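Everything below concerns the one structure shown next.
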Amino acid sequence: MIAAPAPRAPPTTTAADATTPVKLAVRALDAGFGATPVVRQLTLDVPERRVLAIIGPSGCGKSTLVRCLNRMHELVPGATVGGSVLLDDHDIYARDVDPVLLRRRIGMVFQKPNPFPTMSIRENVLAGLRLTGALRGGRKQPAIDGIVEQALTRAALWDEVKDRLAAAGGSLSGGQQQRLCIARALAVEPEVLLMDEPCSALDPIATARIEDLIHVLRERYTIVLVTHNMQQAARASDLTAFLLHGELIECAPTERLFTQPSDRRTEDYITGKFG
Amino acid sequence: MPRHTDREYESELRALNDRLLKMAGRVEEMVAQAARALAERDAELARTTILLDETVNTDEVEIDEACQSILARRQPLAGDLRFIACALKMVTDLERIGDIAVNLCERAIELAREAALSPIAGLGQMAALVQEMLKDVMDAFNARAADRARAVVRRDDLVDELYHGVLRELLARMSQDASALQRGIHTLAVAKFLERLGDHATNLAEEVVFLVEGKDIRHAGKRGGPPA
Ligand SMILES: Nc1ncnc2c1ncn2[C@@H]1O[C@H](COP(=O)(O)OP(=O)(O)O)[C@@H](O)[C@H]1O
Ligand SMILES: [Mg+2]
């Protein structure tokens, strides 16, 4: 009830400021499962070295959208996808693009920390590199040690594990496991990091560590953060996109979206007026 | 308009809205009584009006507490956030208006002791105008009507104009008639207080525009306009 909606501003579905290059450009993206459409005609820019948060009710298509951004969606049997996604102006769905190499440039961190539990911390960090064949050709041990240290440092985990790199990944706490997964993603030296509800299994302290880490990572990487936690989007992102039934309702600088959304549906969702 | 799914939250916001309206009603009443005490030289009315300020002070504290509780427990966003930010400012202006009504009553008591000064034309007009502004701005708040709030802002220029007229007339009289000095000084203070009431009504109106539109219209032009 309390405040009337702010008057409609012009649509803000491309929120990139003029000075920041667009890293990922989503153009008229459709995605679904079999005959069921999930993402509809979605157009969105992700500016370079910014954090874009994606919010929206459960089932609105957030995960499907981000999984289209590194071609993981198509791995599901029956998955459909149309439209285009441009990474540095090149369509990732073009025929000459190797999805495996693409996923090295666009890394992903999932909701539940999923390290290989019996594999050592060190090998967990290297797992992504091994899977993509990047370690073939016999790199020297010191170089590999350097990769491990750098990835763990960037994931803000190095100080906590440097004395037990041989311990099993499963021996870490949930929050540490999630940072290990971030280290695994970073070891591949991606340009974009997709994070799908990376804190939903973590306690508030572990969550704060990840959010703190996101602030640091954004100096190097372009980040897309899916979250069902609006406060997290408000705290951690530069831009926020609101999705509803697979459609982009509004994308705006985070501060504006949370103080003065331009669409009534965004206002209702973020103030907790559901149906 | 859709309601908050959490009905307790919805009722907290409604209660806060009602409290602000109630507090505003009280200070409007105080200003009306102060104006009457001045016009009718009624020291008794002035004294009973001063007592009302206690309740207004309690209102201020309680509304502040309600806002803080909502901020801490609900983390309001968008229109709800603007409503809380607006309530925190409005409550300060309303409390100041109560104080000014007390100041007016104190002068009314002093003036009632002295022989009546022949009426100053602009003074009654000022009192009527600021009361209208107060009423209109709270109606605008209740209706979330930014255009009506903007109309209140515009009327403040008239208050200032009247104030300067009153000032000139009082100074002229005081320079001609030394026996009018004491009464003149009290009346000058009254004019100044009325002018300040206009300023507070203007603040309230700016707060209502912010609440409704998310636009800060304070100091327009002086800062190169609000950010787009
Ligand atoms: N593998 C799948 N097969 C069929 N439907 C699916 C599959 N995964 C998700 N969906 C459906 O797609 C819609 C969007 O899901 P998802 O993208 O996971 O939403 P969100 O991440 O916003 O909660 C939901 O209705 C969900 O049931
Ligand atoms: Mg999901």
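Screening A:103, A:49, A:71, A:67 for residues that are more than 9 Å from ligand 1 (Cβ to nearest atom), within 14 Å of the chain's Cα centre (by Cα) and assigned to a helix (DSSP H, G or I) leaves exactly one candidate, A:103.
Please go through segment A:221-240 and pick out each residue that is modelled with pLDDT of 95 or more, outside any helix (DSSP H, G or I) and of a type outside the set (Val, Ile, Thr). Matches in segment A:221-240: A:221, A:225, A:237, A:238, A:239. Of all the residues in segment B:165-210, those that are more than 30 Å from residue B:81 (Cβ to Cβ), of a type in the set (S, T, N, Q) and surrounded by fewer than 22 Cβ atoms within 10 Å (Cβ to Cβ) number 4. On the basis of being surrounded by 21 or more Cβ atoms within 10 Å (Cβ to Cβ), more than 15 Å from residue A:158 (Cβ to Cβ) and under 12 Å from the mean Cα position of the chain (by Cα), does residue A:210 make the cut? Judged against the criteria, residue A:210 is not a match. The helices (runs of 4 or more DSSP H) found entirely in segment B:1-80 that carry 2 or more residues being within 14 Å of chain A (Cβ to nearest Cβ) and within 18 Å of the chain's Cα centre (by Cα) are B:7-39.
The set of residues in segment A:154-181 being over 17 Å from residue A:208 (Cα atoms) and of a type in the set (S, T, N, Q) consists of A:171 alone. Picking from residues in segment A:230-239 that are within 11 Å of chain B (Cβ to nearest Cβ) and within 16 Å of ligand 2 (Cβ to nearest atom), the one that is surrounded by the fewest Cβ atoms within 10 Å (Cβ to Cβ) is A:230. Tell me whether segment A:199-216 contains one or more residues that are hydroxyl-bearing (Ser, Thr, Tyr), under 21 Å from residue A:151 (Cα atoms) and modelled with pLDDT of 95 or more. Within segment A:199-216 (the criterion being hydroxyl-bearing (Ser, Thr, Tyr), under 21 Å from residue A:151 (Cα atoms) and modelled with pLDDT of 95 or more), the answer is no, since none of the residues qualifies.
Which residues, counting only those in segment A:188-235, are more than 16 Å from ligand 1 (Cβ to nearest atom) and among the β-branched types (Val, Ile, Thr)?
Once the filter is applied, which keeps residues that are more than 16 Å from ligand 1 (Cβ to nearest atom) and among the β-branched types (Val, Ile, Thr), segment A:188-235 yields A:188, A:192, A:205, A:207, A:210, A:214, A:216, A:222, A:223.
On the stretch given as segment A:81-100, residues that are open to solvent by 30 Å² or more (accessible area, probe 1.4 Å) and part of a strand (DSSP E or B) total 5. Pick out the one residue from B:95, B:54, B:60, B:65 that is within 15 Å of residue B:19 (Cα to Cα) and free of Cβ contacts under 8 Å to residues at least 12 places away in the same chain. The match here is B:65.
When each of A:133, A:78, A:128 is tested for being small (Gly, Ala, Ser), within 16 Å of ligand 1 (Cβ to nearest atom), open to solvent by 10 Å² or more (accessible area, probe 1.4 Å) and farther than 30 Å from residue A:250 by Cβ, the lone residue that passes is A:78. Looking across segment B:128-145 at every residue that is part of a helix (DSSP H, G or I) and surrounded by fewer than 20 Cβ atoms within 10 Å (Cβ to Cβ), the one that is farthest from the other protein chains (Cβ to nearest Cβ) is identified as B:128.
So, of the residues in segment B:171-215 that are farther than 20 Å from residue B:91 by Cβ and acidic (Asp, Glu), which turns out to be farthest from the other protein chains (Cβ to nearest Cβ)? The selected residue is B:177. Any idea which of (1) free of Cβ contacts under 8 Å to residues at least 60 places away in the same chain; (2) within 16 Å of ligand 2 (Cβ to nearest atom) is the one residue A:200 doesn't satisfy? Here residue A:200 clears every test but (1). Among the residues examined, residue A:254 qualifies as within 14 Å of chain B (Cβ to nearest Cβ) and surrounded by fewer than 24 Cβ atoms within 10 Å (Cβ to Cβ).
Test residue A:182 against the criterion of being surrounded by 17 or more Cβ atoms within 10 Å (Cβ to Cβ), of a type in the set (Val, Ile, Thr) and more than 16 Å from ligand 1 (Cβ to nearest atom), and give yes or no.
yes
Number of residues in segment A:241-255 that are farther than 23 Å from residue A:39 by Cα and either part of a loop (DSSP other than H, G, I, E, B) or touching a residue at least 40 places away in the same chain (Cβ under 8 Å) (or both) equals 0. Can you confirm whether residue A:263 is open to solvent by less than 20 Å² (accessible area, probe 1.4 Å), within 14 Å of another protein chain (Cβ to nearest Cβ) and of a type outside the set (S, T, N, Q)? Yes: the conditions hold for residue A:263.
The values are calculated or read from the model by the stated rules, or taken from the named source; none is laboratory data. Worth saying up front: this structure is predicted, and the values here are computed from it rather than measured. Every residue, glycine as well, gets a Cβ built from its backbone with ideal geometry; the counts of neighbours run over all protein chains shown. To get the accessible areas, we keep the full protein, side chains included, count just its heavy atoms, and leave off ligands, DNA and RNA. Shrake-Rupley method; radii C 1.70, N 1.55, O 1.52, S 1.80 Å.
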